[in-house]
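Sharing a structure with you now.
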Amino acid sequence: MESLRTGCCVVGGGPAGVMLGYLLARAGIKVTVLEKHGDFFRDFRGDTVHPSTLDIMHELGLLDGLLQLPHQRVTSVSARIGDFDFEAADFRLVPARCKFVALMPQWEFLNFLSERAKRFDGFELRLQHEATGLIRDGQRIAGVEARSPAGPLEIEADLVVACDGRHSTMRQSARLSVQEFGVPIDVLWFRISRQPHDPEQVLGNINYGKALILINRGDYFQAGLIIRKGTLEQIKAEGIAAFRQNIAQIAPYLRDRVGEIEDWDQLKLLTVQINRLRRWHLPGLLCIGDAAHAMSPAGGVGINLAIQDAVAAANILALPLRAGQITDLILKRVQQRREFPTRVTQFLQVNAHKALNAVFKTNGPIQAPWQLKVFDALPGRKWIVGYIVGVGVRPEHVADAERMRIPRLERAAIRFGAAIGAIIKTARLLRTA
Ligand SMILES: Cc1cc2nc3c(=O)[nH]c(=O)nc-3n(C[C@H](O)[C@H](O)[C@H](O)COP(=O)(O)OP(=O)(O)OC[C@H]3O[C@@H](n4cnc5c(N)ncnc54)[C@H](O)[C@@H]3O)c2cc1C
């Protein structure tokens with residue numbers, strides 16, 4: 001069996017894992033990212049790059065290169081509820097460098113970031129490497145077991161960071177306890193072509209007991225039909241013609257194109273979950289991104305939160321990792337930093353779902369509730385929502401690799417501990433020589 005040693009083993013090459021790998025390698029740490037797939041080119045998993053993520057790319061000097069990739073810019077988000085048009089959020093005043101959400105396929109973003117990360121000596125991306133379990137050394141997690149096309153391997157690490165998404169194998173192996181928040185909906189994602197005269201920024205269409213998300217991707221819409229949880233089989237039983245009819249009823253301008261949906265294989269079910277770990281860490285193990293907190297697609301904030309987690313984690317962990325001084329207290333600090341934004345965002349998502357649940361109560365044409373009309377009339381409301389969605393709670397910034405975000409005294413203690421460790425190591429080497 002192959003075995004290797006690394007400073008930090010990151011499990012999962014999604015937005016959280018690749019960003020964390022980039023940042024730690026940039027800070028001079030040996031980092032190995034394991035991704036079970038052979039590439040990043042997979043089904044639609046959300047294409048949103050938010051203003052606060054774009055700020056991070058700017059801080060890393062990567063923004064101009066990223067924006068050279070094909071993308072669309074969303075400056076506002078609208079919804080049509082019955083006959084009522086409602087501008088839900090506007091990003092044009094967010095205090096960020098880019099006052100828009102960039103839409104680009106997630107694989108483009110991940111390819112771009114991982115290619116740049118390869119410029120750092122310490123960065124290693126191992127595709128087709130699936131982590132299967134944790135290696136324990138007493139109470140401490142000391143690495144991961146993985147399988148690759150070449151066979152099984154063991155990776156020893158000072159720290160394992162689970163970035164393996166909502167079905168995280170690592171958090172299951174660690175038996176970390178998950179708090180679930182019931183979600184009444186699932187989303188069926190599919191593509192449908194877009195004509196130049198179709199609405200540009202309309203995102204939500206709610207009517208006839210249904211809700212349809214339409215994301216403008218140039219010559220096509222990334223469409224998501226929100227369905228009641230667990231009703232996919234019933235929808236399938238009604239047949240594809242009924243499904244097409246549902247889409248045409250809610251967005252009549254798609255009537256001439258619904259025939260493009262020929263097969264259920266063209267649809268991908270997103271089982272919507274909202275959950276979070278009570279404790280994000282064990283000695284030697286930290287969970288971030290969806291592995292620590294699965295987000296609903298409401299607001300399209302899951303990618304942004306995963307990236308913000310990675311930035312916060314790198315800011316806190318880089319120095320102790322370099323010094324070989326990772327303690328549980330340091331890992332706890334990452335959770336403390338990121339739990340508050342996660343809680344606030346999930347609270348808002350849970351309440352958005354409750355409001356959406358009311359949509360399913362009628363099958364006929366719906367009227368926008370008066371509360372929504374009052375809310376719509378509030379001055380500055382769309383800018384505030386734009387800020388919450390586009391920037392989010394407690395946006396992170398990349399810290400200088402030398403001045404990580406830990407108190408000065410603790411930084412000094414880490415450096416002192418590292419110096420003592422180095423002296424002991426050298427003394428041992430001299431004794432054996
Ligand atoms: C259909 C769909 C639509 C979505 N739409 C949006 C959207 O519009 N906007 C938005 O912000 N969010 C959206 N999301 C959510 C968003 O994708 C996640 O919140 C975000 O990707 C979380 O990032 P992550 O890095 O934590 O995890 P993930 O992106 O889930 O990445 C986890 C990675 O780990 C890998 N992996 C898993 N297990 C292992 C293992 N054992 N060993 C090695 N590798 C492993 C996976 O292959 C994957 O690449 C959507 C999700 C889905 C499924």
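Taken together, the values in this text are just the output of simple stated rules run on the coordinates, not laboratory data. Since we're looking at a predicted model, the values are computed, not measured. Glycine gets a Cβ as well: all are built from the backbone with ideal geometry, and neighbour counts include every protein chain shown.
Once phi is turned into θ = phi - 60°, what whole-Hz ³J(HN,Hα) does the Karplus curve with 6.51, -1.76 and 1.60 give for every residue of the stretch 322-331, x standing for Gly and Pro?
Ordered by residue, 3J(HN,Hα) equals 4, 8, x, 10, 7, 10, 5, 5, 5, 5 Hz.
When only DSSP loop residues count, what trypsin sites (Lys or Arg not before Pro) in the stretch 34-84 have their Cβ near at most 16 other Cβ atoms within 10 Å?
On the way: sites: LYS36, ARG42, ARG45, ARG73, ARG80; in loops: LYS36, ARG42, ARG45.
Passing both the DSSP loop test and the Cβ count: ARG42.
Amide H neighbours of PHE84 under 5 Å, at least 5 residues apart or on other chains, H built in the peptide plane: list them.
Result for PHE84 returns ALA368.
Which of the chymotrypsin sites (Phe, Trp or Tyr not before Pro) across the stretch 33-86 are loop residues per DSSP, with 15 or fewer other Cβ within 10 Å?
Working: sites: PHE40, PHE41, PHE44, PHE84, PHE86; in loops: PHE40, PHE41, PHE44.
Taking the stretch 33-86 and a limit of 15 other Cβ atoms within 10 Å, the loop chymotrypsin sites (Phe, Trp or Tyr not before Pro) found are PHE41.
Moving on to the next point. With an 8 Å Cα cut-off and a minimum separation of 6 or more residues, compute the relative contact order for the stretch 185-270 in percent. Each step should come with its number before you reach the end.
Values: 135 pairs, mean separation 31.3, N = 86.
Relative contact order comes out at 36 percent.
Residue by residue through the stretch 172-181, what is 3J(HN,Hα) from phi via Karplus (6.51 cos²θ - 1.76 cosθ + 1.60, θ = phi - 60°)? Round to whole Hz and write x for glycine and proline.
Using θ = phi - 60°, the values come out as 5, 4, 7, 6, 7, 8, 10, 9, 9, 10 Hz.
How many Lys pairs in the chain lie less than 24 angstrom apart by Cα atoms, where the lysines are 8 or more positions apart or on different chains?
23
Quick one: work out the % antiparallel among DSSP beta bridges in the chain, nearest 5. Display every interim value, and only then the final one.
Details: 52 of 77 bridges.
If we restrict to bridges inside the chain, about 70 percent are antiparallel.
Something else now. Would you compute, from DSSP H runs of 4+ residues alone, the mean residue ellipticity of the chain at 222 nm, taking -39500 (n - 2.57) per run and dividing by the full residue count, rounded to the nearest 500?
Numbers: 12 runs with 155 residues, N = 433.
Estimated from H runs of four or more residues: -11500 deg cm²/dmol.
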